[in-house]
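Novice: Okay, handing you the structure first.
The values are calculated or read from the model by the stated rules, or taken from the named source; none is laboratory data. What you see is a predicted model, and the numbers here were worked out from it, not measured in a lab. Please note: Cβ atoms are built from the backbone with ideal geometry, for glycine as well, and neighbour counts cover all protein chains shown.
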């Protein structure tokens, strides 16, 4: 089985407009996907220095993401990795003691309660193709 490969980093912020303006206007990041609504709230996708970043902000003060920001702060939320064989990657992680938070067959999340304190998103590249 091939090792998963980097896809993106997910950043949680309180103010999506301010974060996007900074990424675009100060850093010079390329906007790959304009503001859109996702389950967690709203997001934009940018690329800077070869790094793809999904910047996400809550859609209200009572959302799960807003509570996460209050508890853990803004910053790196998770990293996304492409897994050509998602089922095999999940099985290998679970066999080594990894605990999955969710898995719908196209997208699986390694639970953040681990020694890295990091949520890792495993993505089927067929379901979520790269943004070029």
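Residue-by-condition table, conditions (1) in contact (Cβ under 8 Å) with a residue 24 or more places away in the chain; (2) surrounded by 14 or more Cβ atoms within 10 Å (Cβ to Cβ); (3) out of contact with any strand residue (DSSP E or B) (no Cβ under 8 Å at 6 or more places or on another chain):
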| site | (1), (2), (3) |
| --- | --- |
| 64 | yes, no, yes |
| 77 | yes, yes, no |
| 82 | yes, yes, no |
| 86 | yes, yes, no |
| 89 | yes, yes, no |
| 99 | no, no, no |
| 109 | yes, yes, no |
| 112 | yes, yes, no |
| 119 | yes, yes, no |
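Novice: Whether any residue in the stretch 12-20 is at pLDDT below 95 and crowded, with 19+ Cβ neighbours inside 10 Å is what I want to check.
Specialist: Going residue by residue through the stretch 12-20, those that are at pLDDT below 95 are none.
No - not one qualifying residue is present in the stretch 12-20.
Novice: Among the candidates 44, 31, 26, single out the residue that is over 19 Å from residue 4 (Cα atoms), crowded, with 19+ Cβ neighbours inside 10 Å and at pLDDT 95 or above.
Specialist: 44
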